[in-house]
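The numbers here are math on the coordinates, done by the rules we state, and not lab data. Keep in mind that this is a model prediction, so the values were computed, not measured. Cβ placement follows ideal geometry from the backbone for every residue including glycine, while neighbour counts extend to all protein chains displayed.
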Amino acid sequence: MSTGSGADSAPAPTALDNPVRPRKTSMFSSLKIRNYRLFATGAVVSNTGTWMARITQDWLVLSLTGSSAAVGITTAMQFLPMLLFGLYGGVIADRFAKRNLLFLTQGAMSLSGLFLAALTLSGHVQVWHVYFAAFFTGLVTVVDNPTRQSFVSEMVGPDQVRNAVSLNSANFQSARLIGPAVASALTAAVGPGWAFLANGLSFLAPLTGLMLMRTGELHHTARGSRGKGQLREGLNYVSKNPELIWPIVLVGFIGTFGFNFPIWLSAFADDIFHGGVGMYGLFNTLMAIGSLAGALLAARRGTSRLRLLAGAAVAFGVLQIVAAFAPDLWLFVALIVPIGILGLTVNVTANSSVQMATDPEMRGRVMSLFMMVFTGGTPLGGPLFGWLADAYGVRVSMAVGGLVCALAAVGVGLMLGRAANLRLKVDLRRGRQHVQFVPRERELATAA
């Protein structure tokens, strides 16, 4: 399952071009495990509350300031802690019991939601309050993200990791279908404070699920001991494994330049199509439908091929460019769903392939690096693309993001092929596969 950490370890050639036929997997196989069912049930409730708060938070900031850059700053405040301290969260996740850590982090995020609800319902909320709540949530997420990611393998065991990771994404996107619609209705009817209150109370569900778990059925992994050099050890481990480092590099580009949808969708709804908060909620719901479809398709796949990762990332960037210059609402709406499918395919494929290629005792640190580069780039991308939207228009902002993602995906795909001793072959003749990775030895034999 793991690649090993030695400097001379050869990368597995099957990462890009596995001749073995993928094993068929039941779409919901990991839900047969009781502890994971409890985890998933609690997560769908809290994720719904989180999406309600996220949509309401973005729209509240836009309403208070009238600035897309301010929305970008809010997003940046939430993800800045991951950029600054993300790797330390992985060290903590590897050192302590993950279930106990999740009790603390989920409880803290509940308090953050209740704090913002109290200020909003009392009529005293200001933009800096939203910034503060976002930053506090981000600090908690530094520990919560790698802990939840690595806790999956303890609940389901190694055989079900890929399926459980995909279902986690499906869970999150299912909540994304419900949350924006409910948040939009609540905001329009009684104001944003009730959405924040629902978010704070929603964390009671995962806390209850954690409490009801049977600890004897968990697949416990050895915990790291306190000592110097653990952070450096994790970085060295990743750097020596191409099938870890390059997917992480790619999700860093995608997270920084491609996942700025709170800025883009709110601006398209407000400035381009003049539809208000209801249209913004519709855009997010359509994005969630695509993301849910992408997660369920990933759950059926028996393998996580890295060539799929690179191809989906290229298509994701290209469709963003096309959507950026969509001349009317209906074309823009039609493109949101496939963009959601491709974005989730990139995320799930990278996540599961990295987890499966990592030794269990290193998983917390590796996943903290994964989450750090995926979400930690948002403090850079959020303000940048918010400024681009204000200065040059949201169409230019979104097109630039898509272009960077597509170029990065091409570059990473070539590096993965080189690491697996493959080369890109282009054949434009009729009846041939036009673009494919082929072993270098095969090309040499053909040339001879």
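Quick check: residue separation of residue 391 and residue 124 times 0.36 nm, minus the Cα distance between them. What number comes out in nm?
Working: separation 267, 0.36 × 267 = 96.12 nm, distance 3.07 nm.
Full extension of this stretch gives 93.0 nm more.
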Reciprocal mean inverse distance between Cα atoms of the range 289-410 - Kirkwood radius, Å | 15.6
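In percent, what relative contact order does the range 137-238 have, based on Cα pairs under 8 Å that are 6 or more apart in sequence? Write out the running numbers ahead of the final one.
On the way: 25 pairs, mean separation 33.0, N = 102.
With pairs under 8 Å counted, the relative contact order is 32 percent.
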Please report the relative contact order for the range 254-401, taking Cα pairs under 8 Å with a sequence separation of at least 6, and give it as a percent rounded to a whole number.
-> 38
Charge dipole (debye, nearest 20) of the range 298-379; +1 at Cβ of Lys and Arg, -1 at Cβ of Asp and Glu = 260
Calculate how large, on average over all directions, the projected area of the Cα convex hull of the range 29-73 is; give the answer in nm² to one decimal.
-> 4.1
Rounded to a whole number of µm²/s, how large is the Stokes-Einstein D of the range 311-356 at 37 °C and 0.692 mPa s, given Rh as the Kirkwood radius over C-alpha pairs?
-> 292
